[in-house]
1. Quick one: putting +1 on the C-beta of Lys and Arg, -1 on the C-beta of Asp and Glu, what dipole do you get for the range 206-319 around its Cα centre, in Debye to the nearest 20?
2. Say R0 is 30 Å: what FRET efficiency, to the nearest 0.05, do Arg576 and Gln539 get from their beta-carbon distance?
3. Under 5 Å between amide H atoms, partner at least 5 residues away or on a different chain: which partners does Leu199 have, H built in plane at 1.01 Å?
4. What accessible area per residue comes out for the range 206-319, rounded to a whole number of Å², with a 1.4 Å probe?
5. By per-residue mean of other Cβ atoms within 10 Å, what is the highest-first order of 81-92, 218-229?
6. Find the centroid of the Cα atoms in the range 354-379 and in the range 25-91, then give the distance between the two in whole Å.
7. Put +1 on the Cβ of each Lys and Arg and -1 on the Cβ of each Asp and Glu in the range 206-319; which of Leu281, Ala216, Met263 then has its Cα farthest toward the positive end of the dipole?
8. Calculate, in nm to one decimal, what Ile225 and Thr317 gain on full extension: separation in residues at 0.36 nm each, minus their alpha carbon distance.
Amino acid sequence: MFHQTPLGSSVPQASCLNLWREKNDQLVRQAKVAQDLGLSPRRQQLAQDALEGLRGLLQSLQGLPAAVLVLPLELTVICNFITLRASLAQGFTEDQAQDIQRGLERVLETQKQVGPSLECGLRGLWNSVLHASSLLPELLPALHHLAGLQAALWLSTDHLGDLTLLLQTLNGSQNGSSEDLLLHLKTWSPPAKESDDPLTLQDAQGLRDVLLTAFAYRQGLQELIVGNLPRALSSLHEAASGLCPRPVLVQVYTALGTCLRKMGNPQRALLYLIAALKGGLICGPPLLEASRLYQQLGNTAAELESLELLVEALSVTPSSEVPHFLIEVELLLPQPDPASPLHCGTLSQVKHLLASRCLQTGRTEDAVEHYLDLLALLLDGWEPKFSPPPCPRGPCMPEIFLEAAAALIQAGQAQDALTICEELLSRTSSLLPKMPWLWKDVRKGTKESPHCPPWVSATYLLQGQAWVQLGDPKQAISEFSRCLELLFRYIPKDKEQGPASNCEQGCMSDVALQQLRAAALISRGLEWVASGQDTRALQDFLLSVQVCPGNGDASFHLLQTLRRLDRRDEATALWRRLEARTKLPQENATWSLPLYLETCLSWIRPPDQETLLEDFRTSLLEPCD
């Protein structure tokens, strides 16, 4: 009832002030009691009641003319209200900025300075208030508390320039840049809280510690992403040594592990990752980083074990800790960025990573098992249309089908691979060109060909390889021819978008397209060789060398075919070029191919190219008949 006291009441102002203060203290205690109730429904209700009580108290205080005697309490109530509201909402809103602005305006009202400062926004208000507060030292503790909340809001919204200027003013310094923000935070020393001050949910010193940890971690993570490793290491060490809740400490330790791994200190990195795994229930990021570390060390077994544990971890719903009614470090951190090394992705993305690594490292049976599990997960509710890639660097659905088919062929399960390919084509049949229309367009002489994504051609390539394994060369040649027919009529769309894979647009890098054409030509040529038709094989091998000069396998198959056809001069010229190429320094490839295509190319690679060249050299020394 006290906050309805009329302006003309005979109750002394000091008595009202005591009543208002008691109400503030009671609401703060209520919020702290609610905090201790865990996740019970009563906790939320008590906290919401406390929030409404603080709102009513603030409205009563601001319904009166601003008075220096009351302002310390009023500013404290504002701070408690903003703290509780932001913690319940798990974030800041524009309303909190307005609450801060209203508090600053109330301070200036006592100095008759309201007006021009409003045109400069919050930053101008802060400058005016902090200069005016030099005349009102009793307001400094509450103003520093409010400044801490302003700093938290600006940090969470990336207004680092405004935050730097605010801290400079608080510290009494005149210059500096946002790069000095960490130093400004460490320098800032809010006035100590007196024992008879109104109760607060969180004091200015606590806010300062939270800000210091949050900014150090944000800065360290950003430096890590851009590759400035020494600065990242320094900032992350600063974050780890500060007020760091367990979930944040897990992230900081993981980031330190990533940084040290990239700096060439795998053993120290491993120590931090172990500490991260021991530090809390959030084990996804450290397990993913551990798999990267073991891959770098060449410990494939430990790498795959880490990924398997990560799959298990993502398969269960983690239990979350009860958030405190405070401005915590997590509240000031940015949303997870897919480009961040701490982003471990979804369950399906990690399952795909595990399956692909098994295929790349020769664990074919495990790869098949993981791919089939992944397809079962993804196909649950998948409509017959394209889905966007699960992440910018990840494959799209058709590519996962193709990788699964390649793994099955590698494992000797060709019939199952055919089933996977047929399932893919049936689910996307609406995207496939109608062949009669294609021939009709050719007869008309039109230049426009039906658009067919390159992965459709890759599907026919893998079906051909499956038929090779099943011992049906006629069917295999038919599938390879179908693949080539589509590839040579393919007109890339939106080539200006670059080489990134995008299944919906059917985009593929020029290098990958060349290698895909070469793989189909070589595969068909090898079937011609197996059926004794070397002349036809020669045509395919010659064409494969033309369409993909960088594919050395095609040249070796061509050399063998020329030798069998006794075209000695051409074979000798080709052999000399291959010999010269082997003596040149080998350049690392700056491009990467889809995994299914890399796997397919490994099947058609001549087993021992050096021995082949040596045998040909020996045959050259033999006299001709």
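1. That gives the range 206-319 a dipole magnitude of about 340 debye.
2. The pair Arg576/Gln539 has a calculated efficiency of 0.85.
3. Asp25
4. Accessible surface, normalised per residue, equals 42 Å².
5. 81-92, 218-229
6. One Cα centre to the other: 53 Å.
7. In the range 206-319, that residue is Ala216.
8. Details: separation 92, 0.36 × 92 = 33.12 nm, distance 2.83 nm.
Full-extension gain reported as 30.3 nm.
The values are calculated or read from the model by the stated rules, or taken from the named source; none is laboratory data. Note that the structure is a prediction, hence the values are computed from the model and not measured. As a convention, Cβ positions derive from the backbone with ideal geometry for all residues, glycine included, and neighbour counts pool all protein chains shown. These accessible areas exclude ligands, DNA and RNA; they are computed on the full protein's heavy atoms, side chains included. Shrake-Rupley method; radii C 1.70, N 1.55, O 1.52, S 1.80 Å.
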